[in-house]
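The numbers here are math on the coordinates, done by the rules we state, and not lab data. This one's a predicted model, so the numbers in the text were calculated from it and none came from an experiment. Quick reminder, even Gly has a Cβ in these numbers, built from the backbone with ideal geometry, and neighbours come from all protein chains shown.
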Amino acid sequence: MTTEPPPSSGGPPEDDPFRKQPPQEPSQPARGGSPYDTPYDGEPPPPYDGGPGGGAPGGGPYGGYPADPLAGMPPLAESGKRTLARLIDMVLVYIVVALLVWAFRVDQYTVDADEIEFGKTFGREIITVVLYVAYDTILIARSGQTLGKKWFGMRVANLDNGATPSVQTSLIRALVLWVPFAFCCACLWTLVAGGWSFFDKPYKQGLHDKAAKTVVVSTA
């Protein structure tokens, strides 16, 4: 019989370079020469919560992790850079949308004496939402970065473990951002959902980040 533990049934893969790792066990001296290593003086470390009995390692509700979910992650990305990256992504995808709309003639409309009939507006909206959602979902699930985010040195990460978001998480994030944009209030929703990060504390999350439980961090 083997003594190896069963493979993980979920969560980010172990080889994800952005996945946060549990802290080193305090019962052994730290090794490796890191400037953050603490010399071992032979005495057991004090409890993290400062009270009798110690409590759970890490002193927080996440078991072996610190109470702050951002501990061990890079700094949060600046909201201004996030806005510029989003504008670049919107322009890139809009070019593709415009070409497809022109190719399939789904932007045609006819003007009547009594009404303006947009014959194929719904088709244009479908093309818009499909392309924007697919663009965000595929690239974020692949590396945490759209082209705009890559150029500005930032990426999307899971709030709880710092890993690259899964396809499901990336899809939720994209749907919350782009469905209202395509079918309802494009400019207003973009300002509200994306601009929320300018005022949100402590994680600088947009509304789509809150729905997917993600944050945007710097890679520079």
What does the charge count near Phe198 come to, summing +1 for each Lys or Arg and -1 for each Asp or Glu among other residues with Cβ under 11 Å from its Cβ?
+1
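With an 8 Å Cα cut-off and a minimum separation of 6 or more residues, compute the relative contact order for segment 168-220 in percent. Please report the intermediate quantities before stating the final value.
On the way: 49 pairs, mean separation 18.1, N = 53.
Worked out over segment 168-220, it gives 34 percent.
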Could you please report the charge total around Lys149, scoring K, R as +1 and D, E as -1 over all other residues with beta-carbon less than 11 angstrom from its beta-carbon?
+3
